[in-house]
Amino acid sequence: MALIIFWLTRATEADTDLQAIAELASPSGEPLGIVRFKETESSVVIEAEARGLEPGGHAFAIHTVGTCSPDFAAAGDHFDPDDEGRGFVHPNWDRRDSVLAAHGGDLPNLYAGPDGTARADFFTNGVTLRLEQGHSLFDSDGSAILIHEKPVDYEQGETDTGERVACGVIRPG
């Protein structure tokens, strides 16, 4: 039985060719960077490059709806297909290695330097680029990635992260 579960939850070699991209823009439409996603055998690698940010920490999260217009509120709340709740300090955090990931939209904060640029790589198995998976970023209404004005504190529950300052629709690519 464990072998069957292993094969059901592991990406195949063909799955590791899956990639996605999101072009970040400000609320006024100014280009602010790019986020790339790549499915690996064990997780999704997220590579972020952003500019035009205030120096310091910014919450960085995947949201439930693949749209950024008419305003960034259209992107909905955090991507949480299993209704696990938000926060890295979460009772289900240790389940991130399973298909039933705890809040796949939560990502670590993104930090901008004094010049307003940020570059970071993240690994997560709380989401997938594979279709027909419960935690796929390509569900019926897609997904978006957002950068918020302030950092998240990583605690369970809501954090005041301020305005949504950048948004990008996640598209196959």
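Summary of packing: across the peptides 71-77, 165-171, the per-residue average of other C-beta atoms within 10 Å ranks them, highest first, as 165-171, 71-77. Using θ = phi - 60° in the Karplus curve 6.51 cos²θ - 1.76 cosθ + 1.60, the 3J(HN,Hα) couplings for the range 104-118 round to x, x, 5, 10, x, 4, 9, 10, 9, x, x, 8, x, 9, 9 Hz; x is entered for Gly and Pro. For the pair Ser140 and Glu41, label points projected 7 Å from Cα toward Cβ lie 3.6 nm apart.
For the range 38-71 versus the range 105-136, the spacing of their alpha-carbon centroids is 5 Å.
If each residue of separation counts as 0.36 nm, what is the full-extension length gain between Asp17 and Asp77 once their alpha-carbon separation is subtracted?
Working: separation 60, 0.36 × 60 = 21.60 nm, distance 2.84 nm.
Stretched out fully, the Asp17 to Asp77 stretch lengthens by 18.8 nm.
When each of the peptides 133-141, 45-53 is scored by the mean number of other C-beta atoms lying within 10 Å of its residues, the order from highest to lowest reads 45-53, 133-141.
Please compute the per residue accessible area over the range 123-173 with all protein chains in place, 1.4 Å probe, rounded to a whole number of Å². Mind dumping the intermediate values first?
Values: 2600 Å² over 51 residues.
Heavy-atom accessible area per residue stands at 51 Å².
Amide H to amide H, which residues 5 or more places from Phe79 or on other chains are under 5 Å from it, using H placed in the peptide plane? Amide H neighbours of Phe79: Ile62, His63, Thr64, Gly105.
The values are calculated or read from the model by the stated rules, or taken from the named source; none is laboratory data. Computed from a prediction, not measured in an experiment: that's the story for all the values here. Note that we place each Cβ from the backbone using ideal geometry, even for glycine, and neighbour counts take in every protein chain shown. Areas reflect the complete protein model, heavy atoms only, side chains present, ligands, DNA and RNA absent. Shrake-Rupley method; radii C 1.70, N 1.55, O 1.52, S 1.80 Å.
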